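Notes follow once the structure below has been shown.
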Amino acid sequence: MSLIWQTSGRTITIGHRPLVMGILNLTPDSFSDGGRLYDKASSLQLDAALAAGLQMAADGADMIDIGGESTRPYSEPVDASVERDRVVPLIERLAPRVDIPISIDTSKSSVAEAAIDAGAEIVNDVTGLESDPAMADLVRKREVGVCVMHMQGTPQTMQDAPQYEDVVADIRRYLIARRDACLAAGIEQSRICLDPGIGFGKTHRHNIDLVRGIDQFTDLGCVCLIGHSRKGFIRKRLQSIVSASGRELDPMAGTLGVSLAAAAAGAHILRVHDVAETVQALTLFEACGGINHRR
């Protein structure tokens, strides 16, 4: 039987090829694309953000994840009102114009609720529904899809010498526990997506091991999302190559390599900045037999 993911507005069937979640950051300080949608006066350009979202949909995104607070290493939290003011106007304008679900990337229930009211169908919480006691109940009541991610520490502390006995086994246990906590809170299993949290409290080696161990996260009865796009472990892995060649490091090239490895290993959703390139790469990868696992 095919795996499904239910949002508040639709049932998503997980097919042979992973789905693509486009990243749309409305922040001035995200690690890869922060400030891209801001003018010289540091004002968010809503028309530019809308155009970016529409382009992602046209490029083949299966869903779009909108965030108003950076969670890069050592980033500082923002007030809920600031985060809400960044994301809600765009969701209100984008959701009616695309036939794909909108996800809100937040750990605050007040922001999530406002985003759901505006048209979001998924809540993507990097704290695994642990930082805000009201979040699980909101997800249950509004019957949205939910992404539950692993993070060791907080964005302010997560890269301060992260340690694990066995990174894959430890995070598998955590995700099972969070899945069970969601079920105990009344959230249906078909609404839960699990994310091992690449780059959130992990070393370069940990991140590589997580990609190699994706099959340990895809057999838990829930959709598995991998969020690796343009992250530091990719730059670190490629740095020696580009330094020797004298060429500039291209994080998109490395991201595509990890995307294909994740696809071959059975990941259900890939969360990426570069939607068009990812969709095109996956299309050819599948056509050439690169995706030969069974869902």
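General remarks:
- Residue in the range 88-97 that is within 26 Å of Ile214 (Cα to Cα) and of a type outside the set (Phe, Trp, Tyr) present: no
- Members of the range 147-179 found to be in a helix (DSSP H, G or I), closer than 23 Å to Ser103 by Cβ and either charged (D, E, K, R) or modelled with pLDDT under 90 (or both), listed by number: Arg178, Arg179
- In the range 15-31, the residues that are more than 16 Å from Leu50 (Cα to Cα), touching a strand residue (DSSP E or B) at 6+ places or on another chain (Cβ under 8 Å) and modelled with pLDDT under 95: Pro28, Ser30
- Qualifying residue in the range 64-75 (condition: over 18 Å from Arg271 (Cβ atoms), more than 15 Å from the chain's Cα centre (by Cα) and part of a helix (DSSP H, G or I)): no
- When we screen Ser190, Ser131 for residues that are surrounded by fewer than 19 Cβ atoms within 10 Å (Cβ to Cβ), in contact with a strand residue (DSSP E or B) (Cβ under 6 Å, 6 or more places away or on another chain) and of a type outside the set (Lys, Arg), the only hit is Ser190.
- The range 32-46: number of residues that are at pLDDT 80 or above and in contact with a Lys or Arg (Cβ under 9 Å, 6 or more places away or on another chain): 2
- Residue pairs meeting the criteria (Cβ under 6 Å; at least 6 apart or on separate chains; first under 17 Å from Leu50 (Cα atoms), in the range 99-119; second small (Gly, Ala, Ser) and crowded, with 24+ Cβ neighbours inside 10 Å): Ile102/Ala120; Ile104/Ala112; Ile104/Ala115; Ile104/Ala120
- Screening the range 215-248 for residues that are of a type in the set (A, V, I, L, M) and more than 21 Å from Ile23 (Cα to Cα) and picking the one that is surrounded by the fewest Cβ atoms within 10 Å (Cβ to Cβ) gives Ala244.
The values are calculated or read from the model by the stated rules, or taken from the named source; none is laboratory data. All of these numbers come straight from a predicted model, not from anything done at the bench. No Cβ is skipped: glycine too gets one built from the backbone with ideal geometry, and neighbour counts run over all protein chains shown.
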